[in-house]
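Let me begin by presenting the structure, written as structure tokens, before commenting on it.
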Amino acid sequence: MRTDARRHHDPQVRGFASDNYAGAHPEILAALALANGGHQVAYGEDDYTGHLQRIMHSHFGSTAEAFPVFNGTGANVVALQALTDRWGAVICAESAHINVDEGGAPERMGGLKLLTVPTPDGKLTPELIDRQAYGWDDEHRAMPQVVSITQNTELGTVYTPDEIRAICDHAHERGMKVHLDGARIANAAASLDVPMRTFTNTVGVDVLSFGGTKNGALFGEAVVVLNPDAVRAMKHLRKLSMQLASKMRFVSVQLEALLAKDLWLRNARHANAMAQRLAEGVRAIDGVEILYPVQANAVFARLPHAVSERLQRRFRFYFWDEAAGDVRWMCAFDTGEDDVDAFLQALKEEMAR
């Protein structure tokens, strides 16, 4: 088959900026080719989306229903709209992706209010939730209706199942629902070495944003409704939010490829292992401080600003708090041991200058 496309990058170059920088896993590309050809009914009535529902049942129980979407922000906006009224608010960590990294989409597009809470490690607790969980009858205040947590968190920390159960019990006792942003849910499950259901529907999570892109997919996430009584009009909200794919089979087949067997877990375990290798090497370098427990595929560190700037000319990564000198280094499913070792060598060299 002839193509006029050209390669515009060096496929051997890998950095530590984001797991979104990685390409698609070869098994995902093979699945896309398998789903191609011929005609399939559009807008989710295809055979692949139907089969995805059965796979989701195997992971999250027979009442789970998946609504594939294009991206993580879309998944969060659709999920939170389905859980709130027009006067509703969502309690979340100050560092939550929905608050920091989604361009105001939950509030602007979702029409809801975010009530944020500062946290030391990215994790909410019942006590922290109560800083914003009040005023339900006060017409001057947006009504707290949802608690949104991220697993694993934006700071690379992981909730235990018991911690999420405590949050769910606390929220439900106060008439609120619980949303889990699972952009990196596979990394959390790999870290905890438990099935995903252990810290989602089993402990009371109502709706999950399931992430595929950061774990080897080309694109595509899903809103997974775990408690059907918690939501309403999901299919209408997905369309209204511009997240209804016409050729949905190409989203669904990627999630099938991840979840039908163990690709999701293999990818996540590898990314986590590379982060541990990176962290072990960093701890041996004087003058570099690791800021949070390394529990998934992220390493947060503090080092001299000038060193980071020089290092960025050799490897891509982002400042997390530039004023403090904090940086974030992410590992992906395709990060190799050689990549980590080369980065560590470069870090040593720049620290020695």
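The values are calculated or read from the model by the stated rules, or taken from the named source; none is laboratory data. What you are looking at is a predicted structure, and each value in this text was computed from that prediction instead of being measured. Cβ atoms come from the backbone with ideal geometry, glycine included; neighbour counts cover every protein chain shown. Note: accessible area is taken over every heavy atom of the protein model, side chains too, but ligands, DNA and RNA are not part of it. Shrake-Rupley method; radii C 1.70, N 1.55, O 1.52, S 1.80 Å.
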**OP:** Specify the residue that is nearest to the chain's Cα centre (by Cα); the eligible residues are those in region 199-239 that are among the charged types (D, E, K, R) and surrounded by 22 or more Cβ atoms within 10 Å (Cβ to Cβ).
**Re:** LYS214
**OP:** Identify all residues within region 41-53 that are surrounded by 13 or more Cβ atoms within 10 Å (Cβ to Cβ) and either touching a Pro at 6+ places or on another chain (Cβ under 6 Å) or among the hydrophobic types (A, V, I, L, M, F, W, C) (or both); write none if there are none.
**Re:** ALA42, LEU52
Original post:
Of all residues in region 197-252, which are hydroxyl-bearing (Ser, Thr, Tyr) and touching a residue at least 40 places away in the same chain (Cβ under 8 Å)?
Top reply: THR200, THR202, SER209, THR213, SER241, SER246, SER252
**OP:** Only residues that are acidic (Asp, Glu) and either part of a loop (DSSP other than H, G, I, E, B) or within 18 Å of SER62 (Cα to Cα) (or both): list them for region 219-248, please.
**Re:** ASP229
Original post:
in a loop (DSSP other than H, G, I, E, B) and of a type in the set (Asp, Glu), is that true of GLU45?
Top reply: yes
**OP:** Residues being surrounded by 13 or more Cβ atoms within 10 Å (Cβ to Cβ) and part of a helix (DSSP H, G or I): count how many of those fall in region 284-309.
**Re:** 3
**OP:** Select from region 18-37 the residues that are among the polar types (S, T, N, Q), open to solvent by 30 Å² or more (accessible area, probe 1.4 Å) and assigned to a loop (DSSP other than H, G, I, E, B) and list them in ascending order.
**Re:** ASN36
Subject >> Residues of region 327-343 that turn out to be surrounded by fewer than 18 Cβ atoms within 10 Å (Cβ to Cβ) and under 13 Å from PHE300 (Cβ atoms), as a count >> reply: 0
**OP:** Determine, yes or no, whether ASP286 is touching a residue at least 60 places away in the same chain (Cβ under 8 Å), farther than 25 Å from PRO26 by Cβ and among the acidic types (Asp, Glu).
**Re:** yes
Subject >> Single residue of region 171-190 satisfying the filter (open to solvent by 50 Å² or more (accessible area, probe 1.4 Å) and in a helix (DSSP H, G or I)) that is nearest to VAL327 (Cα to Cα) >> reply: HIS172
Original post:
Restricting the first residue to region 60-74 and requiring it to be without any contact (Cβ under 8 Å) to a residue 40 or more places away in the chain and closer than 19 Å to LYS214 by Cβ, which pairs with a second residue that is outside any loop (DSSP other than H, G, I, E, B) and open to solvent by 40 Å² or more (accessible area, probe 1.4 Å) meet a Cβ separation below 7 Å and a spacing of at least six or different chains?
Top reply: none
